[in-house]
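Presented below is the structure to which this report refers.
The values are calculated or read from the model by the stated rules, or taken from the named source; none is laboratory data. A quick note: this is a predicted structure, and the numbers were derived from the prediction, not measured. When we count neighbours, we look across all protein chains shown, and the Cβ atoms used for this are built from the backbone with ideal geometry, even at glycine.
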Amino acid sequence: MSVLDNVEELVFQTATQIANQAARESWLNDKVWTQKLLSALGECGRQLGYYVCGGGAEQHGGQCEWLYDLVWLKNNNGFIVDVPLILESEWSTSYKHISEDFEKLLVGRAQHRVMVFQQKHVDGIFGRLAEEVRNFGLTQAGDRYLFLGWDWSDKTFKSELLVA
């Protein structure tokens with residue numbers, strides 16, 4: 001079984017904090033969830049010294065959404081030299097919509113790929129996403145995917161890490 005690294009643990013803990021805030025403040029719409037989660041994770045990237053795209057980053061010296069819902073970049077002398085994190089979120093419960101967003105992560109190159117979604121029971125979605133990774137011909141050994149599912153049944157974020 002794979003263990004979350006420091007970045008993945010930070011992402012999971014931040015998502016859990018946002019979920020707790022949502023419960024305290026009784027958020028009822030997905031747009032609020034998305035905005036708050038991406039903003040908090042964008043701030044995490046900034047604190048780690050990355051250039052952030054998405055999550056309201058344009059208000060803090062970054063830029064608006066670029067390619068993915070959220071991207072952390074490492075730049076040097078005007079060049080992108082690393083992509084520590086790419087993230088997609090899909091709040092529709094339709095697997096078709098979740099998969100369409102996840103496919104962007106499949107074709108992306110980054111140290112960490114994060115997929116956020118919601119479902120009554122997330123475990124089945126974890127399995128289907130893992131199957132997509134296994135069937136993708138360009139998957140490389142060491143590719144890291146963090147699946148974060150908001151599980152309605154117990155009102156918590158559950159995570160599963162897949163390292164190819």
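Here is how the numbers come out for the structure above:
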quantity	calculated
Residue pairs meeting the criteria (Cβ under 7 Å; at least 6 apart or on separate chains; first touching a residue at least 24 places away in the same chain (Cβ under 8 Å), in segment 141-164; second hydroxyl-bearing (Ser, Thr, Tyr) and surrounded by fewer than 17 Cβ atoms within 10 Å (Cβ to Cβ))	157/16; 161/2; 163/2; 164/139
Count of segment 107-121 residues which are within 16 Å of residue 160 (Cα to Cα), free of Cβ contacts under 8 Å to residues at least 60 places away in the same chain and in contact with a Leu (Cβ under 9 Å, 6 or more places away or on another chain)	3
Candidates 104, 96 - the one that is out of contact with any Gly (no Cβ under 6 Å at 6 or more places or on another chain) and surrounded by 13 or more Cβ atoms within 10 Å (Cβ to Cβ)	104
Scope segment 77-93; condition at pLDDT 95 or above and of a type in the set (A, V, I, L, M, F, W, C); matching residues	79, 80, 81, 83, 85, 86, 87
Matching entry among 74, 96, 104 (being modelled with pLDDT of 95 or more, assigned to a strand (DSSP E or B), out of contact with any helix residue (DSSP H, G or I) (no Cβ under 8 Å at 6 or more places or on another chain) and not polar (S, T, N, Q))	74
Selected residue [surrounded by fewer than 19 Cβ atoms within 10 Å (Cβ to Cβ), of a type in the set (Lys, Arg) and part of a loop (DSSP other than H, G, I, E, B)] from 109, 46, 24	109
Subset of segment 117-155 that is in contact with a strand residue (DSSP E or B) (Cβ under 8 Å, 6 or more places away or on another chain) and farther than 19 Å from residue 2 by Cα - its residue that is surrounded by the most Cβ atoms within 10 Å (Cβ to Cβ)	117
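Results for (1) of a type outside the set (Ser, Thr, Tyr); (2) at negative phi; (3) in contact with an Asp or Glu (Cβ under 8 Å, 6 or more places away or on another chain), shown as yes or no for each residue.
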position	(1), (2), (3)
82	yes, yes, no
94	no, yes, no
100	yes, yes, yes
111	yes, yes, yes
115	yes, yes, yes
121	yes, yes, yes
124	yes, yes, no
131	yes, yes, no
135	yes, yes, no
